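Below is one structure, written out as structure tokens; comments come after it.
The values are calculated or read from the model by the stated rules, or taken from the named source; none is laboratory data. Not measured: the values here are computed from a predicted model. Here the Cβ positions follow ideal geometry from the backbone for every residue, glycine too, while neighbour counts run over all protein chains shown. Just the protein is used for accessible areas: all its heavy atoms, side chains included, with ligands, DNA and RNA removed. Shrake-Rupley method; radii C 1.70, N 1.55, O 1.52, S 1.80 Å.
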Amino acid sequence: MNFCGIISEFNPFHNGHKFIIEKAKEKTNCDIVCVMSGNFVQRGEAAFQDKFTRAENAIKNGATAVLELPTIYACSNAENFAFGAIKILKAIGAKFIAFGVENANIEILEKIAKLKFENSIEFQNSFKNEIENGINFNTALKRAIVKNIGEDVTKILEKPNNVLAIEYLTAIYKLNAKIKPVAIERSDFGFNSKNENNEFLSAGSIRERFFEGKNISKFIPKNAKIDCIFNEKSKNTLKTLQILKIKQTPEKQLSKLYDYNEGIEFRIKKCAQLGSFEEIKNNIVSPRYRENRVNKLMLYPLLEISKHIENLARHTKPFAKVLAIDKNNKNLLKTSKTKINLVSCTNDYNRLSSAQQKIIQIDLNSSEIYNTICGNCLKNDKTKGTLFL
């Protein structure tokens, strides 16, 4: 079978996501397999809705299957997020990947991705010089790209969907994946869109609107669930647990966590005594450590995401929990089993290698934390199998 992959968070699933699925089908004539973040997402926060609700919404609106992107990748930087998802899509034999971009000029996006992949001495030196001047990672990377690409691509690199697309393409090069990119322009519903005059609104704006008590149904497909929300009370409980975990963890142990470098563990540990989550975060945020990165640094202790586990994941045969699948295509992924371990029920977990079990334990723990905070203590990933819809 021919698959077209879509890498997603669907946080929440909205009209823009439905549009991309429809366009991907139209352009590729393939079944759509989504690789989606679980209960924690790339900004270092809990998902707006639980992963099964979001997966169900995707199937109801055109996707054929939704696979979970392991937490180790879902809560990481854009590079690792893309690498983990492309690794899964390659393993299932995806022929295409479709993504939304602000600039649909695939040639220039591929040119930038190739520059990153080849990582020439000139490019490395440009990046290193920016970092040594105290510039944060993302800005340093953008400046190095502009300096080495031979043309001004600053505006392209300022758009978050373009940046993610470049990471997808770079990961395709790294993994030598025979996946053809399909760029879908998002001019009417960009990442930061707050225009409420049409049916498209960004996920961030939808979440903001919901917590302000405003109606969001206009921006969500009619058949999509808008319940199972990780509400403000749940958010505050999570923040309390994060602070408690940081306070209880020695600096030496914090230093072993992913992305804990340059002695940041001492700064985080010291700031954890300040009071509220926002006070702590604001005292850690700097030009070098931007807000989203700090969010993740404060989440990693609770989820126990270590440097060792991250390295293990990069060098281990891929696996993915099948969250939901169209019941008429329940045998869709069977041909992929030799290159990927697909997980649904308890027996599938038991068949994983020891390395895979260590990695998926992060997912199990993360879901237990999420479900317990939401008051769903009896929910368990091992006993909750794939949704057939």
Inset, instruction - Considering only DSSP beta bridges where both residues belong to region 1-95, give the percentage that are antiparallel (nearest 5). - result: 10
Inset, instruction - Could you go through region 349-366 in sequence order and give the Karplus-derived ³J(HN,Hα) for each residue, using 6.51 cos²θ - 1.76 cosθ + 1.60 with θ = phi - 60°, rounded to whole Hz, and x for Gly and Pro? - result: 4, 5, 7, 5, 5, 4, 5, 5, 5, 5, 6, 6, 4, 4, 5, 4, 5, 4
Inset, instruction - Provide the net charge surrounding LYS321, with neighbours chosen by a C-beta distance below 12 Å and charges set as Lys +1, Arg +1, Asp -1, Glu -1. - result: -1
Legend entry - Heavy-atom surface of the chain, accessible at 1.4 Å and reported per residue (Å²): 45
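Probe radius 1.4 Å, ligands and nucleic acids left out: which of HIS308, HIS17 has the largest accessible area, and how do the rest follow?
Greatest to least solvent exposure: HIS308, HIS17.
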Inset, instruction - Calculate what fraction, in whole %, of the accessible area of the chain sits on carbon and sulfur atoms when a 1.4 Å probe is rolled over the protein chains. - result: 48
Legend entry - Label zone at ASP259, where the point sits 7 Å out along the Cα-to-Cβ direction: region 49-74 residues whose backbone N lies under 14 Å: 71-74
Legend entry - Exposure of MET1 as accessible area (Å², to 10), given a probe of 1.4 Å and all protein chains: 140
Legend entry - Area of ILE362 that stays accessible when all protein chains are in place (1.4 Å probe, Å², to 10): 10
Legend entry - Derived scalar couplings ³J(HN,Hα) [region 288-302; Karplus, 6.51 cos²θ - 1.76 cosθ + 1.60; whole Hz; x for Gly, Pro]: 7, 10, 7, 4, 4, 5, 5, 3, 6, 4, 7, 8, 4, x, 5
Inset, instruction - Report the local net charge at ILE86: Lys and Arg +1, Asp and Glu -1, summed over other residues whose C-beta lies under 10 Å from its C-beta. - result: +2
Legend entry - Estimated vicinal HN-Hα couplings, Hz - region 84-92 in sequence order (Karplus 6.51, -1.76, 1.60; Gly, Pro = x): x, 6, 5, 4, 5, 5, 4, 5, 7
Legend entry - Per-peptide average of other Cβ atoms within 10 Å, ordering 66-77, 173-184 highest first: 66-77, 173-184
Inset, instruction - Report relative contact order for region 1-103 in percent, whole number only (criteria: Cα-Cα under 8 Å, sequence separation at least 6). - result: 36
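Any idea what the relative contact order of the chain is, in percent, if you count C-alpha pairs under 8 Å spaced at least 6 apart? Before the final figure, lay out the partial values.
On the way: 631 pairs, mean separation 88.1, N = 389.
It comes to 23 percent, rounded to a whole number.
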Inset, instruction - Taking 7 Å along the Cα-to-C-beta vector as the label spot, tell me the LYS384-ASN133 distance in nanometres, rounded to one decimal. - result: 4.8
Legend entry - ARG209, ARG290, reordered so the largest accessible area comes first (probe 1.4 Å): ARG290, ARG209
Legend entry - Alpha carbon centroid spacing (whole Å) that separates region 1-76 from region 260-292: 31
